[in-house]
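**Q** Pasting a structure below so you can have a look.
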Amino acid sequence: MPMILLDCDTDIPERQKHVYLKAPGEDTREHLPLSNAATIPGTLSERGCAFCGAKLVIGGVLKDTIQMIHGPLGCAYDTWHTKRYPTDTGHFNMKYVWSTDMKESHIVFGGEKRLEKSINEAFDEMPTIKRMFVYTTCPTALIGDDVKAVAKKVMAERPDVDIFTVECPGFSGVSQSKGHHVLNIGWVNEKVGTVEPEITSPYTMNFIGDFNIQGDTQLLQTYWDRLGIQVIAHFTGNANYDDLRGMHKAQLNVVNCARSTGYIANELKKQYGIPRLDIDSWGFNYMAEGIRKIGTFFGIEDRTEALIAEEYAKWKPELDWFKERLKGKKVAIWTGGPRLWHWTKSLEDDLGVEVVAMSSKFGHEEDFEKVIARGRDGTYYIDDGNELEFFEIIDLVKPDVIFTGPRVGELVKKLHIPYVNGHGYHNGPYMGFEGFVNLARDMYNAAFNPLTKLAGIDIRGDKQIAVKEAAE
């Protein structure tokens, strides 16, 4: 079936290239939604900017690092506390937000002195913190502030600190995906190899593309500990700044979120010869498959099988209870990019639901290739979906539950359709065996919450008419 022009897009016919309805027997490679392209003027995009992709998704997760945003206060506030990245050291990254608070006069006369002053103030106020990321934003990039020179000056004056600069203003890419790329490449070129980690196991790996959303990293770490595998660095969930500087010493790079962090895995293979292994960490079947791949690489298959058996015995009966009740429910997934293809088969195979619509904010062509290959016929696939498209798709597929972020979630709640937070989770973690039971529980609670239907009943009766007449 050709690409679909939704009724709401009649005045923006270019959107037809971004919406695909999968039909039986088609070569889906000929019908991939146009992606990683500039948002069409006139649509209400749900995308974030390139700066957001660098700071909010990757850098801001680190647990021992000041995140200095060189720009207006709004850029800092907008990327603070919007995702749940806990740590095992007191959640420092979630408690504070840092900004140079650029004003009009600084834009006119330059902001480098203000940046230097802000960096020193931050280190002075937090004397136990010795690491910092500095991000440019649209205005500071436009006026040409040299943040690298400022960072070098401060490091020369403070030899015990280390600063990494991320020059990725919001306008530098079509979505947050550009920010992922800039930070990945900058880190591997400037910081990897500058610290030598202590090796404590014959099996070492980097776990790349997991951001400890509500404890994902900490749950998965229990598996690696039981297998005797040393994780040199988590990129970047629950991670220390200096851990990431020692990534070059790992024997294997295990990649979970390929869209946001596949770049650094490729560079580590290119520069240091470290092989890359991609896995899925959501879902019982996928998690077991990923653990087996890792075990095969290290030659510890007996350990991995024992771990999988223990986890299945502990959590599979509970998952089956939810599957029996969720079977046949229709689900829409409107998230960033890779979770579409991470979740579609795991939800269908492990929970018996039907995924009927998917929308990606920043996915690339390869993301759509994967998700369409894994998806069922009759499913809608949308790139950079807007609010009107969401409403029309809801009328077409009538989902029982929607996985999306709070912004769209608040919209669909007004339609009395339950949603589960697909970005920061409702009650995570969601990765691993126990995590997928948490996801199933949240789906069940959403789908069978009686308040959803009750909210759609107007109990005012005749009073509603009287109030309306009085208002007129």
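**Q** Only one of (1) open to solvent by 10 Å² or more (accessible area, probe 1.4 Å); (2) in contact with an Asp or Glu (Cβ under 6 Å, 6 or more places away or on another chain) is not met by THR136, so which one is it?
**A** (1)
**Q** Could I ask something else about it? If THR379 meets every condition in (1) at pLDDT 95 or above; (2) more than 13 Å from LEU21 (Cα to Cα); (3) of a type outside the set (A, V, I, L, M) apart from one, which number is that one?
**A** Status for THR379: all satisfied but (2).
**Q** Moving to a separate point now. Do we have ALA50 as in contact with a Cys (Cβ under 8 Å, 6 or more places away or on another chain), modelled with pLDDT of 95 or more and among the aliphatic types (A, V, I, L, M) here?
**A** On the way: in contact with a Cys (Cβ under 8 Å, 6 or more places away or on another chain): yes; modelled with pLDDT of 95 or more: yes; among the aliphatic types (A, V, I, L, M): yes.
Here the answer is yes, as ALA50 does meet what is asked.
**Q** Among the residues in segment 81-92, are any more than 26 Å from LEU219 (Cα to Cα) and among the basic types (Lys, Arg)? Don't jump to the end; show me each part of the working.
**A** Filtering segment 81-92 for residues more than 26 Å from LEU219 (Cα to Cα) gives none.
No - not one qualifying residue is present in segment 81-92.
**Q** What do you reckon, is ASP11 open to solvent by 30 Å² or more (accessible area, probe 1.4 Å), free of Cβ contacts under 8 Å to residues at least 60 places away in the same chain and more than 26 Å from the chain's Cα centre (by Cα)?
**A** Details: open to solvent by 30 Å² or more (accessible area, probe 1.4 Å): yes; free of Cβ contacts under 8 Å to residues at least 60 places away in the same chain: yes; more than 26 Å from the chain's Cα centre (by Cα): yes.
For ASP11, the condition - open to solvent by 30 Å² or more (accessible area, probe 1.4 Å), free of Cβ contacts under 8 Å to residues at least 60 places away in the same chain and more than 26 Å from the chain's Cα centre (by Cα) - is met.
**Q** Then there's this: Conditions: (1) assigned to a helix (DSSP H, G or I); (2) among the small types (Gly, Ala, Ser); (3) open to solvent by 10 Å² or more (accessible area, probe 1.4 Å). GLY328 meets all but one. Number of the miss?
**A** Answer for GLY328: the failing condition is (1).
**Q** Something else about it: Could you tell me which of the residues LYS83, LYS117, LYS130 is out of contact with any helix residue (DSSP H, G or I) (no Cβ under 6 Å at 6 or more places or on another chain) and at pLDDT below 95? Quick ask: steps written out before the conclusion?
**A** Details: LYS117 fails: at pLDDT below 95; LYS130 fails: at pLDDT below 95.
Only one candidate qualifies: LYS83.
**Q** Of the residues that sit in segment 14-30 and are touching a residue at least 40 places away in the same chain (Cβ under 8 Å) and of a type outside the set (Ser, Thr, Tyr), which one is farthest from GLU167 (Cα to Cα)? Break it down into steps so the answer makes sense when it comes.
**A** Within segment 14-30, the subset touching a residue at least 40 places away in the same chain (Cβ under 8 Å) is 15, 18-24, 28-29.
After this cut, where a residue has to be of a type outside the set (Ser, Thr, Tyr) as well, the list is 15, 18-19, 21-24, 29.
Working: ARG15: 31, HIS18: 30, VAL19: 33, LEU21: 38, LYS22: 39, ALA23: 43, PRO24: 45, ARG29: 35 Å.
If we take residues in segment 14-30 being touching a residue at least 40 places away in the same chain (Cβ under 8 Å) and of a type outside the set (Ser, Thr, Tyr), then PRO24 is farthest from GLU167 (Cα to Cα).
**Q** Just the residues that are at pLDDT 95 or above, among the β-branched types (Val, Ile, Thr) and closer than 30 Å to GLN176 by Cα, please, taken from segment 295-341.
**A** VAL331, ILE333
**Q** Which residues, taken from segment 4-41, are under 16 Å from GLU365 (Cα atoms) and either small (Gly, Ala, Ser) or part of a loop (DSSP other than H, G, I, E, B) (or both)?
**A** Result: LYS22, ASP27, HIS31, LEU32, PRO33, LEU34, SER35, ASN36, ALA37, ALA38, THR39.
**Q** So which residues in segment 241-254 are surrounded by fewer than 23 Cβ atoms within 10 Å (Cβ to Cβ) and either under 19 Å from the mean Cα position of the chain (by Cα) or acidic (Asp, Glu) (or both)?
**A** Those that are surrounded by fewer than 23 Cβ atoms within 10 Å (Cβ to Cβ) and either under 19 Å from the mean Cα position of the chain (by Cα) or acidic (Asp, Glu) (or both): ASP242, ASP243.
**Q** Being hydrophobic (A, V, I, L, M, F, W, C), open to solvent by less than 40 Å² (accessible area, probe 1.4 Å) and at pLDDT below 95 narrows it down to one of LEU6, LEU32, LEU21, LEU44, so name that one. Give the steps one after another, and end with the answer.
**A** Values: LEU6 fails: at pLDDT below 95; LEU21 fails: at pLDDT below 95; LEU44 fails: open to solvent by less than 40 Å² (accessible area, probe 1.4 Å).
Just a single option satisfies the conditions, and that option is LEU32.
**Q** Moving to a separate point now. For segment 52-71, check the following and say yes or no: at least one residue is farther than 28 Å from GLY215 by Cβ, touching a residue at least 24 places away in the same chain (Cβ under 8 Å), of a type outside the set (Phe, Trp, Tyr) and crowded, with 18+ Cβ neighbours inside 10 Å. Talk me through it step by step, then tell me what you get.
**A** Step one: list which residues in segment 52-71 are farther than 28 Å from GLY215 by Cβ, which gives 70-71.
From the residues that got through so far, the ones that are touching a residue at least 24 places away in the same chain (Cβ under 8 Å) too are 70-71.
From what is left, the residues that are of a type outside the set (Phe, Trp, Tyr) are 70-71.
Now narrow it down to the ones that are crowded, with 18+ Cβ neighbours inside 10 Å: 70-71.
Yes - at least one qualifying residue is present in segment 52-71.
**Q** Name the residue, out of VAL192, VAL174, VAL188, VAL231, that is of a type in the set (Val, Ile, Thr) and in a helix (DSSP H, G or I). Show your work before the answer.
**A** Details: VAL192 fails: in a helix (DSSP H, G or I); VAL174 fails: in a helix (DSSP H, G or I); VAL231 fails: in a helix (DSSP H, G or I).
Of VAL192, VAL174, VAL188, VAL231, the one residue that is of a type in the set (Val, Ile, Thr) and in a helix (DSSP H, G or I) is VAL188.
**Q** Filter segment 273-306 for residues that are assigned to a helix (DSSP H, G or I), open to solvent by 10 Å² or more (accessible area, probe 1.4 Å) and either touching a helix residue (DSSP H, G or I) at 6+ places or on another chain (Cβ under 6 Å) or not aromatic (Phe, Trp, Tyr) (or both) and give the result. Give the derivation first.
**A** Of the residues in segment 273-306, the ones assigned to a helix (DSSP H, G or I) are 284-298, 301-306.
If we keep only those that are open to solvent by 10 Å² or more (accessible area, probe 1.4 Å) too, we end up with 285-286, 289, 292-293, 296-298, 301-303, 305-306.
Answer for segment 273-306, where residues must be assigned to a helix (DSSP H, G or I), open to solvent by 10 Å² or more (accessible area, probe 1.4 Å) and either touching a helix residue (DSSP H, G or I) at 6+ places or on another chain (Cβ under 6 Å) or not aromatic (Phe, Trp, Tyr) (or both): ASN285, TYR286, GLU289, ARG292, LYS293, THR296, GLU301, ASP302, ARG303, GLU305, ALA306.
**Q** Within segment 194-237, take every residue that is surrounded by fewer than 24 Cβ atoms within 10 Å (Cβ to Cβ) and on the phi > 0 side of the Ramachandran plot and give me the one that is farthest from the chain's Cα centre (by Cα).
**A** GLY228
**Q** Another one. Tally up the residues in segment 419-445 that are more than 30 Å from THR304 (Cα to Cα) and crowded, with 21+ Cβ neighbours inside 10 Å, please.
**A** Looking only at that region, the number is 3.
**Q** So for segment 371-391 (the condition being outside any helix (DSSP H, G or I) and closer than 23 Å to ARG84 by Cβ), does at least one residue qualify? Break it down into steps so the answer makes sense when it comes.
**A** Initially, segment 371-391 is screened for residues outside any helix (DSSP H, G or I), giving 375-386.
In the following step, the residues that additionally are closer than 23 Å to ARG84 by Cβ were identified as none.
Looking for residues that are outside any helix (DSSP H, G or I) and closer than 23 Å to ARG84 by Cβ, one finds none in segment 371-391, hence no.
**Q** Has segment 195-213 got at least one residue that is free of Cβ contacts under 8 Å to residues at least 60 places away in the same chain and part of a helix (DSSP H, G or I)?
**A** No, the conditions are met nowhere in segment 195-213.
**Q** Could you grab me the full set of residues in segment 79-129 that are part of a loop (DSSP other than H, G, I, E, B), of a type in the set (D, E, K, R), open to solvent by 60 Å² or more (accessible area, probe 1.4 Å) and without any contact (Cβ under 8 Å) to a residue 40 or more places away in the chain? If you could, list the steps in order and put the result at the bottom.
**A** Filtering segment 79-129 for residues part of a loop (DSSP other than H, G, I, E, B) gives 79-91, 96-97, 100-103, 110-111, 126-129.
From the residues that got through so far, the ones that are of a type in the set (D, E, K, R) too are 83-84, 88, 101, 103.
Within this subset, residues satisfying the condition of being open to solvent by 60 Å² or more (accessible area, probe 1.4 Å) are 84, 88, 103.
Matches in segment 79-129: LYS103 only.
**Q** For segment 257-272, which positions are among the charged types (D, E, K, R) and open to solvent by 80 Å² or more (accessible area, probe 1.4 Å)?
**A** If the condition is that a residue be among the charged types (D, E, K, R) and open to solvent by 80 Å² or more (accessible area, probe 1.4 Å), then LYS269, LYS270 are the ones that fit.
**Q** Considering only segment 45-63, I want to know if a residue exists there that is more than 23 Å from the chain's Cα centre (by Cα) and of a type in the set (A, V, I, L, M, F, W, C). Reasoning before the result, please.
**A** Initial filter on segment 45-63 (more than 23 Å from the chain's Cα centre (by Cα)): none.
No: zero hits.
**Q** A further question follows. How many residues does segment 349-365 contain that are of a type outside the set (Lys, Arg), open to solvent by 10 Å² or more (accessible area, probe 1.4 Å) and in contact (Cβ under 8 Å) with a residue 60 or more places away in the chain?
**A** Adding up the residues that qualify gives 5.
The values are calculated or read from the model by the stated rules, or taken from the named source; none is laboratory data. What you see is a predicted model; the values in this text were computed from it and never measured. Neighbour counts are summed over all protein chains in view; Cβ atoms, including those assigned to glycine, are modelled from backbone coordinates with ideal geometry. What goes into the accessible areas is simple: the full protein's heavy atoms, side chains included, and nothing from ligands, DNA or RNA. Shrake-Rupley method; radii C 1.70, N 1.55, O 1.52, S 1.80 Å.
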